[in-house]
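Engineer: Quick one: structure below, then a few questions.
The values are calculated or read from the model by the stated rules, or taken from the named source; none is laboratory data. As the structure is a computational prediction, the values presented were derived from the model and not from experiment. Here the Cβ positions follow ideal geometry from the backbone for every residue, glycine too, while neighbour counts run over all protein chains shown. In case anyone asks, the SASA skips ligands and DNA or RNA and just uses the protein heavy atoms, side chains included. Shrake-Rupley method; radii C 1.70, N 1.55, O 1.52, S 1.80 Å.
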Amino acid sequence: MLQNYFKIALRTLLRNKAFSAINIVGLSVGMAVAMLIGLWIFDEISFDKYHQKYDRLAQVMQNQTWNGVTGSQTAMPLPLAPELRAKYSGDFKNVVLSSWNFEHILAVGDRKFTKTGNFVEPKFPEMFSFKMLKGSQKGLKDPYSILISESVATALFGDTDPINKIIKVDNKTNVKVTGVYEDLPHNTTLSEVTYVLPWEMYLATESWVKNSQDQWNNNSFQTFAELNPNADFDKVSAKIRLVKFNHDKQDAAKPMVFLHPMSKWHLYSEFKDGKIAGGRIQFVWLFGIIGVFVLLLACINFMNLSTARSEKRAKEVGVRKAIGSVRSQLITQFLSESLLIVVFAFVLTLVLVTLTLPWFNELSDKKMSILWTNPYFWILSISFSLITGLVSGSYPAFYLSSFDPIRVLKGTFRVGRFAAVPRKVLVVIQFTVSVTLIIGTIIVYRQIQHAKNRPIGYSRDGLIAININTPELVGHYDALRSDLLKTGAVYEMSQSSSPTTAVYSNQIGFNWEGKDPNLQALFGVIAVSHDYAKSVGWQFVEGRDFSRSFSTDTSAMILNEAASKFIGMKNPVGKNINWNDKNYRIVGVIKNMVMESPYEPIKPTIFFINYGWANIINVKLNPAMSASASLEKVGEVFRRYNPGSPFDYKFADEQYALKFSGEERIGKLATFFACLAIFISCLGIFGLASFTAEQRTKEIGVRKVLGASIFNLWQLLSKDFVMLVMISFLIATPIAYYFMNGWLKNYEYRSEISWWIFAASGFGALIITLLTVSYQAVKAASANPVKSLRTE
Amino acid sequence: MLKITDLEKIYRTEDIETVALNKLSLEVKKGEFVAIMGPSGCGKSTLLNIIGMLDDAEKGSFMFNGEEIIHFNERRRADLRKRNIGFVFQSFNLIDELTVYENVELPLLYLGVDAAERKQKVEAVLEKVQIMHRRNHFPQQLSGGQQQRCAVARAVVNTPKLILADEPTGNLDSTNGNEVMQLLTELNEAGTTVIMVTHSEHDARFAHRIIRLLDGKVVMENILG
Ligand SMILES: Nc1ncnc2c1ncn2[C@@H]1O[C@H](COP(=O)(O)OP(=O)(O)OP(=O)(O)O)[C@@H](O)[C@H]1O
Ligand SMILES: [Mg+2]
């Protein structure tokens, strides 16, 4: 019996090829999007699950309050970890220190690479369950050892066995390879940890780290903890809240220590007022909703087309009922048809997803693959397809089977004006979604453009930054500078404690005349050399640049406009600021430089001269020479000073552009989804228009005989669709406004939502609709009326 | 009014060619009432469609009001058609979604007649065919005779010079059929040329002249007294 149902269903599909194709393609595009999004969500929520102790790991964090604003940070003082280990051993199985994920130079003979890795305490690899391919997790016991990832091992040693081989780190320290671990997968927070070095070595080679061992106010390290099996994150957080504050009750920032569980690192990484305020989880929800919507659109098409066609099948239903088919059999028949379509669509979906996944991976910066071997994937997607088939097939099934056979056979059956209403509602829903997505996409791009056009306050053309990470570059400032200038490839060179695209250090301890004593002033602080202004192209608002002609300029400061506003002096130039009991004279105020997020207000920032505190060399290339030629010459000089290191540089404009990558990704994804929604909606109206045209063939013929022109008929057939799109537009406008206004609120520096965005989207949707409908309309209108009239 | 000479029409399908009209010649004068008769498949409808400029012929000449139109393109024919010709079909061909009034109004709309004049003309013609009281009904709510009267009203509302009727009584009983024939006669008496295809000798007697076709050719003409 069931076989019979499917046989008839297959025949019906084959007989209506165009209809079946539209349905299958539409549905599979919808399902493919849903599947891509599903894979993306799976990747997001499985983040960090690679680590076996996922449920028990946490990062130790602290809340500090400045000027009434509570911020949460992962930077912790060094002595915290030993204290947690000693005093709370009942709660913690392990507590380890880690440095930041910094670039270091790893060299084996001639092979030199800049790679990112951490200094960690020996338990770290065990805690994070590194899968050792060679050697042991305990390999960091020796203070001059290193564990490297598989990809680093291949880069440095090729096919030879790396164990017990020597690597020179940053051109100064030799370490012995004691293990190779499987690369941490891309969907782990620690995926950039491509090697780990022993903490002991950090202490031994960096004197500032050694000095930090008893400094409770030097927040420069990360601390990770593993809880004992039955300990609870919240309870332990409450217990350790005051560990830091108890060491310095005078601390105005009132540091409160807490645990951030690994399960929240990726999706809940944003904090507000000391509490978790979301993060990527919002995108998981957003994309989830979009996926459901796109699938819904595809289902709507399916129902729409099936019911539209049903009117042509009214007679079939009548005959079937007359010869004794009961309603339930008819329902089964129609459901078999829709299930068959879904089966075809699902196969096509798998093909589509396989084809588009590489591209989608690039777009979303992931490495996802179809989970061919995962039984849950199959169970989920097959049951999902079945539900789709049942849901989208049930409306036509119940609707069709309810036809009254007597009226149908007598020929008095007419699908009244109201039969079209649900179908129209469905089209309106589709277009509402499409128009909303179009508006959203435009607003996202406008916001990116708006932030890109923000005046940055300096000149980044031909500006490159070189990390000072080996001792060779330290202490030769003047010689290096004059050698660089001599090449003719360099316009100016300077050094600074932060690159132009970040502020590495924020400090307190400032005082000035007229300062509110309760104000906890926090400034971004950047140490620079005398030639900084010239190399980055500072724009002065007041006062002057640092100058070698004034020896007193070693205690001079230059403020940005935000800092000048913050201290609130009328004429700041010439006034003094006291910082950690030393007086500095303000000599100038510069235009705000956008160093951090282009969407945020500029942080009050102070610049001062300090040659001892330098992390970055800024080189402004000679604009008269080609970049590649100048880089060649600059590279030569650097290799001479620093023969052990590769010449690595970063263009300031490229670094700056990275700040937009997140938003640009959202923009691209939104475009992708909007295009799909439009595509699916168009397939929908295309199919519907062809049915309308077919249904009205006789009417069109009569009208033509009576003198209607093709244009008259085109108008007649398009009018209804235009009305529907207008209604969708009216619904979509407030929805899009509401959501996009909310999204823009995330950005302090944001664009306005202007009326033309809505007008353009509505107009665009209208044009697309007309183009889609016109094909059918013109085709129907140009047919010879004699033919349609003789069919009567 | 129209003069047809050596008209040929051949339908080609995949395997066979059907000669629907075979060197057919025919002349109709202004003010005439002509009936066309013949067995099924002899080419009556084909001829009427060509005269009505809905279809075109392969060869021959078709003079309409002294003008050769055989080579007219679709647009020019459509223009000529909507000014000069009204159609009545066997199966009425009313538009189900429109009321009686709207159906009748349609040709005027396509001619671009203004609203006031439309109202006046439509009402006059509905009055004449006696379905004014049904003006707001939809076609399915009418009897066959009423539907055909409505179709006739629609055919004449723009006062065409020529009315083409393809078996106008074919779907009607004799009472309703006679009413329709009466209407056509009245229109003819008022000066409109009428060409009608029919299978009924009874209806044919309303005409001035009967043309008999066989296999796409005129085989006989009877002038009626
Ligand atoms: N579109 C077409 N394709 C092929 N052959 C056609 C087509 N239209 C008509 N014919 C053929 O042309 C011939 C004339 O057809 P026509 O419709 O003019 O006949 P008729 O005289 O009106 O018949 P009836 O009295 O049954 O209405 C017939 O043999 C018919 O089969
Ligand atoms: Mg015929």
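Engineer: Could you tell me, in Å, what Rg and Dmax come out for the Cα atoms of segment A:619-661?
Structural biologist: In Å, with Rg to one decimal and Dmax whole: 12.4, 36.
Engineer: Starting from the amide H of residue B:32, placed 1.01 Å from N in the peptide plane, find each other amide H under 5 Å away whose residue is 5 or more places distant or on another chain.
Structural biologist: Those qualifying (amide H under 5 Å, at least 5 residues apart or on another chain) are B:194.
Engineer: Next question. Please give me the summed charge of the neighbours of residue A:464: other residues whose Cβ is under 9 Å from its Cβ, Lys and Arg +1, Asp and Glu -1.
Structural biologist: Taking every other residue near residue A:464 into account, the sum is +2.
Engineer: How charged is the neighbourhood of residue A:650? Take every other residue with its Cβ under 12 Å from the Cβ of residue A:650, and add Lys/Arg as +1 and Asp/Glu as -1.
Structural biologist: Numbers: positive: A:460; negative: A:103, A:648, A:653, A:654.
Net charge in that neighbourhood comes out at -3.
Engineer: Interface size between chain B and chain A, please: total buried accessible area, 1.4 Å probe, rounded to the nearest 100 Å². Write out the running numbers ahead of the final one.
Structural biologist: Numbers: alone 11060 and 37000 Å², together 46250 Å².
The buried area between B and A, both sides summed, comes to about 1800 Å².
Engineer: Along each of its three principal axes, how wide is the spread of alpha-carbon positions in segment B:7-63, in whole angstrom units, largest first?
Structural biologist: If we take the Cα atoms of segment B:7-63, the spans are 42, 25, 19 Å.
Engineer: Separate question: Residue-wise, which Karplus ³J(HN,Hα) couplings in Hz belong to segment A:196-209, taking 6.51 cos²θ - 1.76 cosθ + 1.60, θ = phi - 60°, and x for glycine or proline?
Structural biologist: Once θ is set to phi - 60°, the couplings for segment A:196-209 become 10, 10, x, 4, 3, 5, 4, 4, 6, 9, 10, 5, 5, 5 Hz.
Engineer: Using Cα positions and a limit of under 13 Å, work out the aspartates and glutamates in reach of residue A:591, with same-chain residues fewer than 8 apart set aside.
Structural biologist: Within reach: A:542, A:545, A:561.
Engineer: Keeping every protein chain in place, order B:71, B:199, A:266 by accessible area at 1.4 Å, biggest value first, i.e. largest first.
Structural biologist: From most exposed to least exposed: B:71, B:199, A:266.
Engineer: Please compute, for peptide B:91-102, the average count of beta-carbon atoms on other protein chains lying within 10 Å of each residue's beta-carbon. Provide the component values of the computation, followed by the final result.
Structural biologist: Numbers: counts 5, 2, 10, 3, 7, 4, 4, 3, 0, 0, 0, 0.
Going residue by residue through B:91-102 and averaging, the value is 3.
Engineer: Using Cα-Cα distances under 8 Å and only pairs 6 or more residues apart, what relative contact order does chain B have, in percent?
Structural biologist: This gives 30 percent for chain B.
Engineer: What number, rounded to the nearest 500 deg cm²/dmol, is the helix-based mean residue ellipticity at 222 nm of chain B, given -39500 (n - 2.57) per DSSP H run of at least four residues and division by all its residues?
Structural biologist: So the helix-based figure for chain B works out to -10500 deg cm²/dmol.
Engineer: Accessible area of segment A:1-129 with a 1.4 Å probe: how many percent of it is carbon plus sulfur?
Structural biologist: 57
Engineer: What residues qualify as long-range amide H neighbours of residue A:543, i.e. H under 5 Å apart, gap of 5 or more or another chain, H built at 1.01 Å from N?
Structural biologist: Those qualifying (amide H under 5 Å, at least 5 residues apart or on another chain) are A:589.
Engineer: Here's a follow-up. Could you bin all the Cα-Cα distances of segment A:87-169 into 5 Å bins starting at 0 and give me the percent of pairs in each, rounded to whole numbers?
Structural biologist: 3, 12, 23, 24, 20, 9, 4, 3, 2, 1
Engineer: Charges only on Cβ, +1 for Lys and Arg, -1 for Asp and Glu: so what's the dipole of chain B about the Cα centre, in debye to the nearest 20?
Structural biologist: Dipole magnitude for chain B comes out near 540 debye.
Engineer: Another question, if that's okay. Restricting to Cα pairs below 8 Å that are 6+ residues apart, what does the relative contact order work out to for chain A? Please round to a whole percent.
Structural biologist: Reported relative contact order: 15 percent.
Engineer: Accessible area per residue, 1.4 Å probe, Å², for chain A: what's the number?
Structural biologist: Numbers: 36060 Å² over 792 residues.
Per-residue value: 46 Å².
Engineer: Below 8 Å, C-alpha to C-alpha, sequence gap of six or more: please give me the relative contact order for segment A:463-657 in percent.
Structural biologist: 37
Engineer: Which of A:779/B:128; A:366/A:659; A:172/A:367 have a Cα-Cα distance over 28 Å?
Structural biologist: Long pairs (Cα-Cα over 28 Å): A:779/B:128; A:172/A:367.
Engineer: May I ask you to list the aspartates and glutamates whose Cα is less than 20 Å away from that of residue A:668, ignoring any residue fewer than eight positions away on the same chain?
Structural biologist: The qualifying aspartates and glutamates are A:43, A:44, A:362, A:365, A:654.
Engineer: Here's something else I'd like to know. Could you tell me what percent of the accessible area of chain B is made up of carbon and sulfur, with a 1.4 Å probe and every protein chain present?
Structural biologist: 47
Engineer: Under the Kirkwood approximation applied to all pairs of distinct alpha-carbon atoms, what is the hydrodynamic radius of segment B:2-223 in Å?
Structural biologist: Hydrodynamic radius (Kirkwood, Cα only) of segment B:2-223 equals 18.0 Å.
Engineer: Can you list the residues of segment A:369-395 with backbone N under 18 Å from a point 7 Å past the Cα of residue A:46, pointing along Cα to Cβ?
Structural biologist: What the label zone holds, given the 18 Å backbone N cut-off, is A:369-384.
Engineer: Then there is this: Take the alpha carbon atoms of segment A:528-582, find their center, do the same for segment B:1-41, and report the distance between the two centers in whole angstrom.
Structural biologist: Computed from Cα coordinates, the inter-centre distance equals 102 Å.
Engineer: Kindly give Rg over Rh for segment A:207-290, based on alpha-carbon atoms, with the Kirkwood expression for the hydrodynamic radius.
Structural biologist: Radius of gyration over Kirkwood radius for segment A:207-290 works out to 1.06.
Engineer: How large is ³J(HN,Hα) for each residue in segment B:89-95, as worked out from phi by the Karplus curve 6.51 cos²θ - 1.76 cosθ + 1.60 (θ = phi - 60°), to whole Hz, x for Gly and Pro?
Structural biologist: 10, 4, 9, 6, 6, 7, 8
Engineer: Starting from the Cα coordinates of the protein assembly as shown, work out the convex hull volume and express it per residue in Å³.
Structural biologist: 263
Engineer: What is the P(r) of segment A:54-265, as percent of Cα-Cα pairs per 10 Å bin from 0?
Structural biologist: Over segment A:54-265, the share of Cα pairs per 10 Å bin runs 8, 34, 33, 19, 6, 1 percent.
Engineer: Using θ = phi - 60° and the Karplus curve 6.51 cos²θ - 1.76 cosθ + 1.60, what whole-Hz ³J(HN,Hα) does each residue of segment A:443-453 get, with Gly and Pro shown as x?
Structural biologist: Once rounded to whole Hz, the list reads 5, 4, 5, 5, 5, 4, 4, 4, 5, 5, 7.
Engineer: Under 18 Å between alpha carbons, and skipping anything fewer than 8 positions from residue A:235 in its own chain: which lysines qualify?
Structural biologist: Partners found: A:87, A:93, A:244, A:264, A:275.
Engineer: Oh, and also: Counting only helical runs of four or more DSSP H residues, what would the 222 nm mean residue ellipticity of chain A come to if each run contributes -39,500 (n - 2.57) and the total is spread over all its residues?
Structural biologist: Working: 24 runs with 383 residues, N = 792.
Helices in chain A give a 222 nm mean residue ellipticity of -16000 deg cm²/dmol.
Engineer: Taking the Cβ of residue A:92 as the center, what net charge do the other residues with Cβ under 9 Å away carry, scoring Lys and Arg +1 and Asp and Glu -1?
Structural biologist: 0
Engineer: Would you pull out the residues with amide H under 5 Å of residue A:134's amide H, same chain only if 5 or more places away, H placed 1.01 Å from N?
Structural biologist: A:180
Engineer: Using the heavy atoms of the protein chains alone and a 1.4 angstrom probe, what is the accessible area of chain B per residue in square angstrom?
Structural biologist: I get 45 Å² per residue for chain B.
Engineer: Residue by residue through B:52-63, how many Cβ atoms from other chains fall within 10 Å of the Cβ on average?
Structural biologist: Whole-number average of other-chain Cβ neighbours for B:52-63 is 1.
Engineer: Starting from the eigenvalues of the Cα gyration tensor, five times each then square-rooted, give me the equivalent ellipsoid semi-axes of segment A:463-657, largest first, whole Å.
Structural biologist: Working: eigenvalues 198, 57, 47 Å².
Gyration-tensor ellipsoid for segment A:463-657: 32, 17, 15 Å.
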